[in-house]
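Okay, so here's the structure we're looking at.
The values are calculated or read from the model by the stated rules, or taken from the named source; none is laboratory data. Quick caveat: nothing in here was measured; it's all calculated off a predicted structure. When we count neighbours, we look across all protein chains shown, and the Cβ atoms used for this are built from the backbone with ideal geometry, even at glycine. Side chains included, ligands, DNA and RNA excluded: accessible areas come from the protein's heavy atoms. Shrake-Rupley method; radii C 1.70, N 1.55, O 1.52, S 1.80 Å.
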Amino acid sequence: MRNPWRNTGRLVLAAAVAGSVLVAVPQAGQAATPPKLKVMTQNLYLGSSLDPAIEATGGAEFLAAVATIYSTAIKTDFPARAKAIAASIKAQRPALVGLQEVSKWTFARTNEGPALPSYDFLTILLGELKAQGLNYKVGGSVNNALISAPLVSPVAEQACPPPPEGSLVFSCSVTLQDRDVILYNASAETLRVSGKRTGRYRAQASLPTPLGAVSFDRGWVSVEVRYQGKRFRFVNTHLEVEGFAKIQEAQAAEFLAGPAKSRGTVVATGDFNSASDGSTSRSYRILTRKYFSDAWVVKRDGKGLTCCQNSDLSNTSSQYKTRIDLVLTHGNAVSTKAVRVNDRTFQSTVPLWPSDHAGVVATVKLT
């Protein structure tokens, strides 16, 4: 006679396994957990205020201003600041980073004499990220202002002497290339970046100088992103300063009608130069009234100030007064957390601060 309990153990085990499988598999129609990723915005600071050159009333004053600006850019030591900025990126590990004022200072001379520094902020920062064990690559970049000017006696006495009397041929010059850049974490699994687009705004501020009118040629850069099956557009920009509020507001409107316009999801970063409390211009309201949500509001904190330390980054106490550096979302992207970074001194000698701006890192849920 066969034992009626012979296969009981197998049946119980099979039932237990089947039950565990049924529990582990989501029911039909049940949504998977929405993926989250971090995004960051950071103005690197070109290294000096340009106000001395903008405010110069004559040729001699303008030349002195150029020398002052270049000397300050050397003093604020981007290679040292890049270490601190790279460390903040390492601590946060954002998938995408929108950078503004990614400057390239190029010194040139036509005669013999001492070499003076040239700095490519993008190359320096990427090198520092690599040195800290990170793998970030450029997803897109847009060139903005390209400004060249004669240089006389910067840093060392008579390093670049003035031309002979009656001549306008200078032996030294310095060129500033401004850029906005998108970096992406090439080590992030399932993150795919493609479809780079760039553009410049029609509305631009023009500044008179002894060398002629100069425009900062503000622009934007965007990429298409796929992350864990979700698609969205990532856009980065730097709007005009508050002193040209009407032009800045026109750029904000162009931004909404152009690179930010999408039926899908959009995440935008930038230095929008418009105080979130409405005290400087209407651009923040234009951007957030109907289209974008501000990632910082998840903190229920009206502060989060990001701008600005002094020109040579020597102030020992923070001088942040406005919140102009933003992460914005539209569509199926919801910010769940936002924090400020690079908002503390990083060494005891000048430059004390990683940038004149704080950065913002937001955690975004893609629904």
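Computed values, structure above
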| quantity | calculated |
| --- | --- |
| Selection within the stretch 191-206 - of a type in the set (Ser, Thr, Tyr) and within 19 Å of the chain's Cα centre (by Cα) | 194, 198, 201 |
| Output for the stretch 68-86, where each listed residue is in a helix (DSSP H, G or I), in contact (Cβ under 8 Å) with a residue 24 or more places away in the chain and open to solvent by 10 Å² or more (accessible area, probe 1.4 Å) | 71, 72, 74, 75, 79, 80, 83, 84 |
| Scope the stretch 277-305; condition surrounded by 15 or more Cβ atoms within 10 Å (Cβ to Cβ), modelled with pLDDT of 95 or more and assigned to a loop (DSSP other than H, G, I, E, B); matching residues | 280, 281, 282, 291, 292, 305 |
| Subset tally (residues that are more than 11 Å from residue 234 (Cα to Cα) and surrounded by 20 or more Cβ atoms within 10 Å (Cβ to Cβ)) for the stretch 250-269 | 4 |
| Extreme residue, farthest from residue 321 (Cα to Cα), among residues of the stretch 218-267 that are part of a loop (DSSP other than H, G, I, E, B) and among the hydrophobic types (A, V, I, L, M, F, W, C) | 260 |
| Unmet criterion (only one of (1) touching a helix residue (DSSP H, G or I) at 6+ places or on another chain (Cβ under 7 Å); (2) open to solvent by 40 Å² or more (accessible area, probe 1.4 Å); (3) under 21 Å from residue 204 (Cα atoms)) for residue 272 | (2) |
| Filter result (open to solvent by 40 Å² or more (accessible area, probe 1.4 Å), modelled with pLDDT of 95 or more and not in a loop (DSSP other than H, G, I, E, B)) within the stretch 194-213 | 194, 195, 196, 197, 198, 200 |
| Residue 137 being open to solvent by 40 Å² or more (accessible area, probe 1.4 Å) and closer than 22 Å to residue 344 by Cβ | no |
| Flag if residue 127 is out of contact with any Ser or Thr (no Cβ under 8 Å at 6 or more places or on another chain), within 21 Å of residue 45 (Cβ to Cβ) and either polar (S, T, N, Q) or exposed (fewer than 15 other Cβ atoms within 10 Å of the Cβ) (or both) | yes |
| Pairs where the first residue, in the stretch 133-151, is assigned to a strand (DSSP E or B) and the second is of a type in the set (Phe, Trp, Tyr) and open to solvent by 20 Å² or more (accessible area, probe 1.4 Å), C-beta under 8 Å, 6+ apart | 136/184; 137/184; 139/184; 142/220; 144/216; 145/216; 150/170 |
| Some residue of the stretch 160-174 being surrounded by 19 or more Cβ atoms within 10 Å (Cβ to Cβ) and either among the polar types (S, T, N, Q) or assigned to a loop (DSSP other than H, G, I, E, B) (or both) | yes |
| Count - residues of the stretch 214-237 that are of a type in the set (Ser, Thr, Tyr) and modelled with pLDDT under 95 | 1 |
| Candidates 142, 102 - the one that is β-branched (Val, Ile, Thr), in contact with an Asp or Glu (Cβ under 6 Å, 6 or more places away or on another chain) and crowded, with 16+ Cβ neighbours inside 10 Å | 142 |
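Okay, residues lined up against (1) within 17 Å of residue 332 (Cα to Cα); (2) in contact with a Lys or Arg (Cβ under 7 Å, 6 or more places away or on another chain); (3) acidic (Asp, Glu):
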position: 222; (1), (2), (3): no, yes, no
position: 228; (1), (2), (3): yes, no, no
position: 231; (1), (2), (3): yes, no, no
position: 235; (1), (2), (3): yes, no, no
position: 240; (1), (2), (3): no, yes, yes
position: 247; (1), (2), (3): no, no, no
position: 254; (1), (2), (3): no, yes, yes
position: 261; (1), (2), (3): yes, no, no
